[in-house]
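Participant: Below is one structure. I have some questions about it.
The values are calculated or read from the model by the stated rules, or taken from the named source; none is laboratory data. Predicted model only: the values in this text are computed from it and were never measured. Here the Cβ positions follow ideal geometry from the backbone for every residue, glycine too, while neighbour counts run over all protein chains shown. Side chains included, ligands, DNA and RNA excluded: accessible areas come from the protein's heavy atoms. Shrake-Rupley method; radii C 1.70, N 1.55, O 1.52, S 1.80 Å.
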Amino acid sequence: MKKILILFISVFIFSLAACTSDSNVEEEVSSDEEKTGDITVGLDQDFSTVDPHGTNDVVGIQVRRQIFQTLVARNSDMSHKEGLAKEWEQVDETTWNFKLQEGVKFHNGSEFTAEDVKASLERVVDPTVAAPTQFLFEMIEDIEIVNDYEINIKTRYPFAPLADNLAHTAASIMSKESIDQDYTNAIEAANLDITLEEYYDLRESGNEEFTNVSDQLAEFTSEYISEHPDGTNHVKFEARAPGQNLELVRFDDFVGDSKVDNLTFEIIPESGSMMAELESGGINITSPVEMAMFDRIDNSPSTELVESESLRTNYLGFNTESEPFTDVKVRQAISYALDREAIRDGIYDGKATIPNSLVSESAFGFSEELPSLTEDMDKAKEILKESSYPEGFDATIWVNDSQDLVDTSVYIQEQLKELNININVEQFEMATFLERLGNGQHDMFLLSFTASTGDADYLLSSLTLSSNEGFGGNRAFYKNDQVDDLLEKARSATEESVRQTEYEKIHQILMEELPYIPLVHPNMTLAYNSDQLESVELDAAGYIRLENVSFK
């Protein structure tokens, strides 16, 4: 009996040890697979709002895409994937059907349904909100709710890149509760004697009474959403100190995988301070990276540079309604005077491509038929002599805080002296810069545009449609009926070959009239602390991808 008992105890202890050992291995594997942590991203400039309909600046989008999701999402290679819609199809030329994900929650705890999609897409085109990206969705005629998890989107005309536009952060889905509250707060702030339901009825009618109400509400919309953004993505809003930082924290009910606990965006305008923070681990990621920092990143054992092909165009814009830039020959002369290879090599350290149009090679609608732009100072002088200002003139270039654009403005200032064009450079922080450009108070300006939908329609419509003058994106105040018509044909064509042909016609007109002078397509870049993180990715739109990030 004693031997049996000893045998039993021995077997029991062996079994217990074996179970304990297996359990520890499983815990270690599980721990490795699920290791989470905090990430701090350094930004070189502040953003104006977290409202997806507030602005269209790249920095703001970088932040907002962490809070909100869209119906259509993108992989790192910019191909489509499921977002808040699990599948979609074009039913006929003007009808698209979307099946929505179930079981998704907003940060406020409410359940995501078709009502939220309808409210969000109707808000982005609401004249009261005056979203600078409303042109992306102006073709939508109706949003039909089939049931809680299915909608039909009907367009006024065939529109091939609808799925691309719905992947833009301007199509971010917010909870209907937050949208309703934003309008309610605006109605109260404007002291209007109407209910929310009455406002929606007026908006539906679009009559003169609505116009009057809309004008009174406009300055108060977005105030609530800017302080209480309510999305469905992996992190939710915690706090913001404008000019300093934005704090986001893990959303426990996120439907998906995320290894990020807390995500903080720190505003660090000075590049030396940014690099010191990155090397020491005070921040983990920064994007974009100033060209002057490339060597330092390469030589540091704790940092790694990531580059991506680019959908971005850096350009020099003109106010075509302001002398002397009403004269196309003045614009042409300036274009010939600029050495884009010098800009690429001197400012971007060779990490950029020379354009032949506003659209980069990474976007649909790029044309191989046009030659790259080259410097010809003799031709520049010849064309200026034929202009209304043969002896030159004085003008001002406006630029924001982006160091590469500041450096480019100085280069242009020096280069145009050969044409006796005397340039004064004025620098603004981004919000003021965009506000003043929208009001048309400028001569010339430097800016970037990222065709983040991957389709030329987005860039060309924003920059050149006459209906988008000013705050809509057409800061050149450029008007050309033929370009408007060609854009309409391109976006409504169902065959890609037809769309491509129309885009090529547009490129030829724009490269002749030059309301904007393309300068370079800079590579997208980010740097991260490789002692702390692995698998930080970057896409062609310049957006930081944290889906596959891992912590060391």
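Participant: Please give me, ordered by residue number, the GluC sites (Glu not before Pro) of the stretch 331-370 that lie in loop per DSSP and have at most 11 other Cβ atoms within 10 Å.
Facilitator: Taking the stretch 331-370 and a limit of 11 other Cβ atoms within 10 Å, the loop GluC sites (Glu not before Pro) found are Glu368, Glu369.
Participant: Continuing with the same structure: Rg(Cα) of the stretch 202-297 divided by 2.2 N^0.38 Å?
Facilitator: 1.61
Participant: Still on this structure, I have one more. Binned at 10 Å from 0, what are the whole-percent values of the Cα-Cα distance distribution for the stretch 184-249, short to long?
Facilitator: Spelled out per bin, shortest first, that is 18, 38, 23, 19, 1.
Participant: Let me ask another. Roughly speaking, to the nearest percent, how much of the stretch 419-552's 1.4 Å accessible area is carbon and sulfur?
Facilitator: Details: 1800 of 4520 Å².
Accessible surface attributable to carbon and sulfur in the stretch 419-552 totals 40 percent.
Participant: Turning to a different aspect of this structure: Between the stretch 130-148 and the stretch 264-315, how many Å separate their Cα centres?
Facilitator: Spelled out, the Cα-based centre of one part sits 37 Å from the other.
Participant: Further question on the same structure: Please express the shape of the stretch 397-541 as an equivalent ellipsoid: the semi-axes are the square roots of 5 times the eigenvalues of the C-alpha gyration tensor, given largest first in whole angstrom. Intermediate results must be reported in sequence, preceding the final value.
Facilitator: Details: eigenvalues 153, 123, 43 Å².
They are 28, 25, 15 Å, listed largest first.
Participant: Return the calculated 222 nm mean residue ellipticity for the chain, to the nearest 500 deg cm²/dmol, obtained by summing -39500 (n - 2.57) across DSSP H runs with n ≥ 4 and dividing by the residue count. Spell out each step's value before the answer.
Facilitator: Details: 18 runs with 200 residues, N = 552.
Taking each H run of at least 4 residues, the total per residue is -11000 deg cm²/dmol.
Participant: If the convex hull of the alpha-carbon atoms of the chain is projected onto planes in all directions, what is the mean projected area in square nanometres? Could the numbers behind the result be given before it?
Facilitator: Numbers: hull surface 129.1 nm².
For the chain, averaging the hull's shadow over all directions gives 32.3 nm².
Participant: While we're looking at this one, here's another question. Please go through the stretch 220-304 and write out the GluC sites (Glu not before Pro) that DSSP classes as loop and that have at most 12 other C-beta atoms within 10 Å. Don't jump to the answer; show the numbers that get you there.
Facilitator: Values: sites: Glu223, Glu227, Glu238, Glu247, Glu266, Glu270, Glu277, Glu279, Glu290, Glu304; in loops: Glu270, Glu290.
For GluC sites (Glu not before Pro) across the stretch 220-304 that sit outside H, G, I, E and B with at most 12 neighbouring Cβ atoms in 10 Å, the list reads Glu270.
Participant: Let me ask another. Extension gain Glu227-Ser79, at 0.36 nm per residue separation less the Cα-Cα distance, in nm? Present the calculation step by step, with values, prior to reporting the outcome.
Facilitator: Details: separation 148, 0.36 × 148 = 53.28 nm, distance 3.23 nm.
Extra length available between Glu227 and Ser79 comes to 50.0 nm.
Participant: Which value, in Å², gives the accessible area per residue of the chain when a 1.4 Å probe is used on the protein heavy atoms? Walk me through the intermediate numbers first.
Facilitator: On the way: 23580 Å² over 552 residues.
For the chain, the solvent-accessible area averages 43 Å² per residue.
Participant: Give me P(r) over the stretch 65-147, computed from all C-alpha to C-alpha distances, binned every 5 Å, as integer percentages.
Facilitator: In whole percents, the pair-distance histogram is 3, 12, 20, 25, 23, 15, 3, 0.
Participant: Next question. Grab the beta carbon distance between Glu323 and Asn422, set R0 = 22 Å, and tell me the FRET efficiency rounded to 0.05.
Facilitator: Values: r = 15 Å, r/R0 = 0.69.
FRET efficiency, Glu323 to Asn422: 0.90.
Participant: Across all directions of projection, what mean area in square nanometres is found for the Cα convex hull of the stretch 148-191?
Facilitator: One quarter of the hull surface, i.e. the mean projection, equals 5.0 nm².
Participant: Within 10 Å of each candidate Cβ there may be at most 12 other Cβ atoms; applying that plus a DSSP loop requirement, which GluC sites (Glu not before Pro) in the stretch 77-184 survive?
Facilitator: Values: sites: Glu82, Glu87, Glu89, Glu93, Glu102, Glu111, Glu115, Glu122, Glu138, Glu141, Glu144, Glu150, Glu177; in loops: Glu93, Glu102, Glu138.
Filter output for the stretch 77-184: Glu93, Glu102.
Participant: Can you work out the Karplus-derived ³J(HN,Hα) for every residue in the stretch 34-41? Use 6.51 cos²θ - 1.76 cosθ + 1.60 with θ = phi - 60°, whole Hz, and x for glycine or proline.
Facilitator: 10, 4, 10, x, 9, 10, 10, 9
Participant: Quote the accessible area belonging to His521 in square angstrom, nearest 10, computed with a 1.4 Å probe and with ligands, DNA and RNA left uncounted.
Facilitator: Number for this one is 10 Å².
Participant: Quick one: net charge around Ser452, please, counting Lys, Arg +1 and Asp, Glu -1 for every other residue with C-beta under 15 Å from its C-beta.
Facilitator: For residues surrounding Ser452, the net value is -2.
Participant: Could you work out the Rg to Rh ratio of the stretch 293-386, with Rh taken as the Kirkwood radius (inverse of the mean 1/r over all Cα pairs)?
Facilitator: Numbers: Rg = 17.1 Å, Rh = 15.8 Å.
Expressed as Rg/Rh, it is 1.08.
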